[in-house]
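S.K.: Please read through the structure below; I'll follow up with questions.
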Amino acid sequence: MMRVKWILFDFGGCLDSDGVHSRTLFLNQFAKYNLLNSAEDFTNFQDAYTYSDRIVIENSLIVDSPLLEMNDKMCYYIAKKLNKTDALKVTEVAKSITEIQSLYLRRNNKILEQLNGQYQLGIISNFSGNLATILNEFSLASHFRFVLDSYHVGSSKPNPAIFNLALEKCKSTSKDICFVGDNIERDINPANALGMKTILISPTPQKSDADYTLASLEDLLVLTQII
């Protein structure tokens with residue numbers, strides 16, 4: 001069993017998937033529903049996703065929104081930026097994304113329940129103000145001692161400030177903390193810099209300084225010897 005007291009998690013790409021960033025998930029579903037029809041569409045998708053993310057955060061459009069409502073608004077602004085006018089398809093994309101994320105969140109609820117018996121748990125996430133709403137929506141909130149949503153904190157990863165705030169919440173030294181994330185630059189490197197143990201969730205091998213790399217959050221139960 002890992003010799004730590006706390007396990008802290010990223011949310012997007014970590015608890016709502018097995019290392020697949022939401023940007024990739026959105027791109028895949030836009031492509032599946034034939035809303036990316038040219039090489040130019042694929043090239044422009046990243047900027048469209050960034051635009052959507054910025055719009056909903058800067059204008060507080062999804063604060064307190066449940067998962068489907070959040071995804072629906074994200075998809076709306078992505079489609080708008082790409083000049084896609086098939087509203088029915090855009091709605092179907094949002095539903096499909098939500099279904100995929102929901103499957104992971106329900107599965108991970110059982111994993112977190114088991115971890116909660118051995119460790120204290122927390123979240124550090126770059127999010128949109130509605131993370132607490134989604135955690136409550138999927139009955140996940142009770143597993144966590146604290147949740148740091150960057151929208152409310154005013155600082156986002158990889159800024160050390162949000163990690164230092166987590167250290168204050170833990171009331172523990174960094175060597176007693178393990179951080180689990182899917183992004184090397186935003187999750188693994190800053191957590192390592194503070195002396196935390198780190199776990200990278202990645203479906204494909206990546207070179208990083210993480211202490212462990214797992215293909216799925218399910219493997220965390222094996223690593224911690226809970227199963």
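The values are calculated or read from the model by the stated rules, or taken from the named source; none is laboratory data. It should be emphasised that the depicted structure is a prediction, and the values quoted were computed from it without experimental measurement. Neighbour counts are summed over all protein chains in view; Cβ atoms, including those assigned to glycine, are modelled from backbone coordinates with ideal geometry.
S.K.: Any idea how many residues of region 34-43 are out of contact with any Phe, Trp or Tyr (no Cβ under 7 Å at 6 or more places or on another chain) and surrounded by 19 or more Cβ atoms within 10 Å (Cβ to Cβ)?
M.R.: 1
S.K.: If you check Ala161 against the conditions, is it within 15 Å of the chain's Cα centre (by Cα), surrounded by fewer than 21 Cβ atoms within 10 Å (Cβ to Cβ) and more than 23 Å from Ala215 (Cα to Cα)?
M.R.: no
Every residue, every condition in (1) modelled with pLDDT under 95; (2) farther than 16 Å from Trp6 by Cα; (3) under 19 Å from the mean Cα position of the chain (by Cα), yes or no:
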residue: Glu113; (1), (2), (3): no, no, yes
residue: Leu121; (1), (2), (3): no, no, yes
residue: Phe138; (1), (2), (3): no, yes, yes
residue: Lys171; (1), (2), (3): no, no, no
residue: Ala191; (1), (2), (3): no, no, yes
residue: Thr224; (1), (2), (3): yes, no, no
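S.K.: Is it the case that Pro203 is at pLDDT 95 or above and either of a type in the set (A, V, I, L, M) or over 16 Å from Val4 (Cβ atoms) (or both)?
M.R.: No: the conditions fail for Pro203.
S.K.: So which of Leu68, Leu61 is of a type in the set (A, V, I, L, M, F, W, C), outside the structural domain of Phe146 (by TED's automatic domain parsing) and over 30 Å from Pro160 (Cβ atoms)?
M.R.: Result: Leu68 is the single residue among Leu68, Leu61 that is of a type in the set (A, V, I, L, M, F, W, C), outside the structural domain of Phe146 (by TED's automatic domain parsing) and over 30 Å from Pro160 (Cβ atoms).
S.K.: Hey, does region 191-204 have a residue that's in the same structural domain as Phe11 (by TED's automatic domain parsing), part of a helix (DSSP H, G or I) and surrounded by fewer than 17 Cβ atoms within 10 Å (Cβ to Cβ)?
M.R.: There is at least one residue in region 191-204 that is in the same structural domain as Phe11 (by TED's automatic domain parsing), part of a helix (DSSP H, G or I) and surrounded by fewer than 17 Cβ atoms within 10 Å (Cβ to Cβ).
S.K.: Shifting gears a bit: Only residues that are under 30 Å from His143 (Cα atoms) and of a type in the set (Val, Ile, Thr): list them for region 2-59, please.
M.R.: Val4, Ile7, Val20, Thr24, Val56, Ile57
S.K.: With Ala39, Ala31, Ala87 as the choices, which residue is farther than 29 Å from Leu200 by Cα, touching a helix residue (DSSP H, G or I) at 6+ places or on another chain (Cβ under 9 Å) and not assigned by TED's automatic domain parsing to the domain that holds Ser128?
M.R.: Among Ala39, Ala31, Ala87, only Ala87 is farther than 29 Å from Leu200 by Cα, touching a helix residue (DSSP H, G or I) at 6+ places or on another chain (Cβ under 9 Å) and not assigned by TED's automatic domain parsing to the domain that holds Ser128.
S.K.: Condition test on Lys73, is it out of contact with any Cys (no Cβ under 8 Å at 6 or more places or on another chain) and either in a helix (DSSP H, G or I) or under 30 Å from Lys169 (Cα atoms) (or both)?
M.R.: Criteria met by Lys73.
S.K.: Check off (1) assigned to a helix (DSSP H, G or I); (2) farther than 18 Å from Cys14 by Cα for Gln114 and give me the number that stays unchecked.
M.R.: (2)
S.K.: So, one more: Within region 46-60, identify whether any single residue is more than 21 Å from Thr133 (Cα to Cα) and over 22 Å from the mean Cα position of the chain (by Cα), and answer yes or no.
M.R.: No; the residues of region 46-60 include none that is more than 21 Å from Thr133 (Cα to Cα) and over 22 Å from the mean Cα position of the chain (by Cα).
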